[in-house]
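> This is the structure, below, for whatever I ask next.
None of the figures in this text is laboratory data; all of them are computed from the coordinates on show. Everything quoted here is computed from the prediction, not taken from an experiment. We place every Cβ from the backbone using ideal geometry, glycine too, and count neighbours over all the protein chains shown.
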Amino acid sequence: MTQLTLALSKGRIFDDTLPLLRAAGIEVLEDPEKTRKLILPTNQPDVRVVLVRASDVPTYVQFGGADVGVAGLDVVLEHELGPYGGGEGGASLLRPIDLGIARCRLSVATRADFDYAAAVRQGARIRVATKYTQLARQHFADKGVHVDLIKLYGSMELAPLTGLADAIVDLVSTGSTLKANHLVEVEDILPVSAHLVVNPGAAKLKRVRLQPLMDAFRRALAAST
Ligand code: ADP
Ligand code: MG
């Protein structure tokens, strides 16, 4: 029997993927918030879920630690632009379905008293803190804006408040986190939702098992819109 391994991250991606799995007849048998296990069985003996960090999902899928995964477009594109990515040669992962879940956007935000438009107009060097250094580099290069990028792993909102940076590139959904920290969104970079990502080899070798899963996802998405 062909084993199918699905990489998910805990939290909103896991929670929002569960209904789609259910529509495909797959029930995850343990709750990731209650177990310390990293490999979760499902009611389908040939399907298991592995829990990884959100930004590790593309790496697991690309190198075959998982056959498929669910990851935000932010994470997928950052991966493709990074050292493991397909670069100019094309994608290292297949991305067959936009699942429409975990929707948010990647944006530039600054302190309310920082005049971003003026800084851009004057050609000033802007210090930008972000977890998304590749996407940020590409965005500002496309705009012809000079930036010094500072890599952070979390709490990006703190950077402009402490003087570490003039701006951040981060995910925004409602904007309430920015607001609570007196930051304003000054530019939209990318609309984000979570996508199904597939290992290209698995797409061929496990097509018989993968196809019904993808068909069920597509039917569930069509039914919910
Ligand atoms: P982590 O903190 O480990 O990155 P999250 O659950 O916060 O995990 O984020 C996982 C993915 O969910 C992100 O890569 C993004 O695609 C999406 N996401 C992040 N923040 C939000 C948000 N506020 N609203 C909706 N989706 C989000
Ligand atoms: Mg988070």
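> Going by how many other beta carbons lie within 10 Å of each one, how would you line up Tyr132, Tyr153, Tyr60, fewest first?
Numbers: Tyr132 27, Tyr153 7, Tyr60 22.
Least crowded to most crowded, the residues run Tyr153, Tyr60, Tyr132.
> Using only alpha carbon pairs under 8 Å that are at least six residues apart, calculate the relative contact order of the chain and give it in whole percent.
Values: 426 pairs, mean separation 59.4, N = 225.
Relative contact order of the chain: 26 percent.
> While we're looking at this one, here's another question. For the chain, return all DSSP H helices satisfying: extent of Cα atoms along own axis at least 20 Å; mean Kyte-Doolittle hydropathy at least 1.0.
Working: long enough: 207-223 (23 Å, 0.05).
Helices meeting the span and hydropathy rule in the chain: none at all.
> From the Cα trace of segment 75-131, what convex hull volume per residue do you get, rounded to a whole Å³? Display every interim value, and only then the final one.
On the way: hull volume 8.5 nm³, N = 57.
For segment 75-131, the hull spanned by Cα atoms encloses 150 Å³ per residue.
> Given only helices, namely DSSP H runs of n ≥ 4 each adding -39500 (n - 2.57), what is the per-residue ellipticity at 222 nm of the chain, to the nearest 500 deg cm²/dmol? Kindly include the intermediate steps, with their values, before the conclusion.
On the way: 9 runs with 77 residues, N = 225.
The helix-only estimate for the chain comes to -9500 deg cm²/dmol at 222 nm.
> Taking the Cα centroid of segment 165-194 and of segment 126-161, what is the distance between the two, rounded to the nearest whole Å?
12
> Which FRET efficiency, nearest 0.05, do Arg219 and Leu38 yield, Cβ-Cβ r, R0 30 Å? Before the final figure, lay out the partial values.
On the way: r = 30 Å, r/R0 = 1.00.
E between Arg219 and Leu38, to the nearest 0.05, is 0.50.
> Hey, another quick one. About the Cα centre of segment 1-130, what is the dipole size in debye to 20, counting +1 per Lys and Arg Cβ and -1 per Asp and Glu Cβ, all else neutral? Write down the numbers at each step before the final one.
Numbers: 15 positive and 16 negative charges, 81 e Å.
Once rounded to the nearest 20, the dipole reads 380 debye.
> Using the number of other C-beta atoms within 10 angstrom as an exposure proxy, rank Thr225, Thr35 with the fewest first.
Least to most surrounded, the residues fall as Thr225, Thr35.
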